[in-house]
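Taking it in order: structure first as structure tokens, then the write-up.
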């Protein structure tokens with residue numbers, strides 16, 4: 001008992017001995033009980049159910065098992081975090097825009113009565129807008145997770161939403177053939193409705209403060225004057241439904257994705273098609289013009305010679321995602337220079353991380369994947385939903401992503 005005595009105080013030793021005696025007595029180990037009672041000089045101790053030592057040993061042992069399991073879980077989590085650090089994936093402090101998405105989700109919003117088609121963050125406030133097949137748009141406070149309001153007016157599914165650069169106006173488009181403008185400074189009143197497309201309007205985006213662009217199942221892209229609501233240009237070229245459009249940072253170019261399995265790059269001033277990108281084997285869901293901040297990482301990916309002077313203006317690279325389960329990266333010559341493979345179902349959308357180093361994609365395989373642009377590797381996979389993940393948006397003012 002000398003080793004035990006060096007660890008436990010006399011009181012602790014007595015408590016342990018009484019707990020052992022209770023265990024032996026309760027479980028019918030009569031001879032062991034009597035022997036230990038004699039050796040421990042506790043002949044006067046008689047275990048009872050009312051005694052505080054009753055079942056104490058079993059309770060302590062159960063607690064030890066729980067602690068061991070917790071330690072194992074923490075060690076596994078520590079190993080995962082170490083792998084993330086070794087891969088160079090930046091988490092950053094809680095308010096850092098360099099942070100990458102990590103499960104579990106901060107909030108889960110569930111008031112829509114049909115699938116959500118698009119998510120969009122306000123450019124200046126912690127507000128998220130969501131569009132749905134239930135014909136509505138809903139606004140949420142992403143700091144508190146509270147629902148704010150519902151915008152009603154469309155008579156069929158709402159396919160896309162987009163804030164203008166100031167965040168005052170929200171544009172939406174729908175299968176009801178219209179584009180609606182909502183004024184956030186006037187209680188989100190629907191101040192204008194644009195008519196002109198002959199089929200479902202699938203995508204809408206602002207081209208600065210004075211113009212809008214829209215894409216439709218009628219195979220066209222239209223440019224609209226914001227103040228008057230007039231269509232000032234109709235762009236044709238796609239052979240089928242134009243599913244998605246997005247502008248370059250300098251607004252000189254517009255990229256489109258279509259059911260005809262092509263991606264096209266357009267001059268927003270002339271409507272001229274600058275590139276016709278072919279290589280996907282199925283419908284192209286979305287396409288984006290790569291931000292300049294990502295160029296240095298793409299140069300590493302394609303092992304471009306650092307001594308070679310390269311262009312830095314927007315429009316040098318395009319990225320697209322498709323129902324063929326791939327994401328493709330295209331250069332200014334129209335060549336597919338890299339294919340990101342890893343999703344097991346349709347790739348529905350993607351966003352660029354604020355650092356420029358990563359792209360974050362979502363898919364009908366229920367996951368969100370983070371890809372390192374400098375290596376082409378997937379560095380993180382998150383189970384983002386229990387069903388298809390159809391949309392993704394990233395905040396420009398907070399470390400938040402919405403799917």
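Scanning the stretch 169-187 for residues that are at pLDDT 95 or above and over 21 Å from residue 241 (Cα atoms) yields 169, 170, 181, 182, 183. For the stretch 224-238, a residue qualifies if it is farther than 17 Å from residue 180 by Cβ and surrounded by 15 or more Cβ atoms within 10 Å (Cβ to Cβ), and the qualifying residues are 233, 235, 237, 238. The one condition from (1) at pLDDT 95 or above; (2) touching a helix residue (DSSP H, G or I) at 6+ places or on another chain (Cβ under 8 Å) that residue 380 does not meet is (1). Of all residues in the stretch 294-305, none satisfies being assigned to a loop (DSSP other than H, G, I, E, B), crowded, with 22+ Cβ neighbours inside 10 Å and assigned by TED's automatic domain parsing to the domain that holds residue 273. Of the residues 313, 285, the single one that is in a loop (DSSP other than H, G, I, E, B), in contact (Cβ under 8 Å) with a residue 12 or more places away in the chain and in the same structural domain as residue 223 (by TED's automatic domain parsing) is 313.
State all residues of the stretch 325-350 that are closer than 25 Å to residue 160 by Cα and buried (at least 18 other Cβ atoms within 10 Å of the Cβ); if no residue qualifies, say none. Within the stretch 325-350, 325, 326, 327, 328, 329, 330, 343, 346, 347, 348, 349, 350 meet the criteria.
Exactly one residue among 338, 297, 288 is farther than 30 Å from residue 115 by Cα and at pLDDT 95 or above, and that residue is 338.
Taking the criterion of being part of a loop (DSSP other than H, G, I, E, B) and either under 25 Å from the mean Cα position of the chain (by Cα) or farther than 21 Å from residue 169 by Cβ (or both), the residues of the stretch 251-267 that qualify are 252, 259, 260, 261.
For residue 219, the stated conditions hold: it is within 21 Å of residue 288 (Cβ to Cβ), out of contact with any helix residue (DSSP H, G or I) (no Cβ under 8 Å at 6 or more places or on another chain), assigned to a loop (DSSP other than H, G, I, E, B) and in the same structural domain as residue 250 (by TED's automatic domain parsing).
In the set 271, 237, only one residue is in a loop (DSSP other than H, G, I, E, B) and within 19 Å of residue 194 (Cβ to Cβ); that residue is 271.
The values are calculated or read from the model by the stated rules, or taken from the named source; none is laboratory data. Remember, it's a predicted structure, so these values are computed and weren't measured experimentally. Cβ: placed from backbone, ideal geometry, glycine included. Neighbour counts: every protein chain shown.
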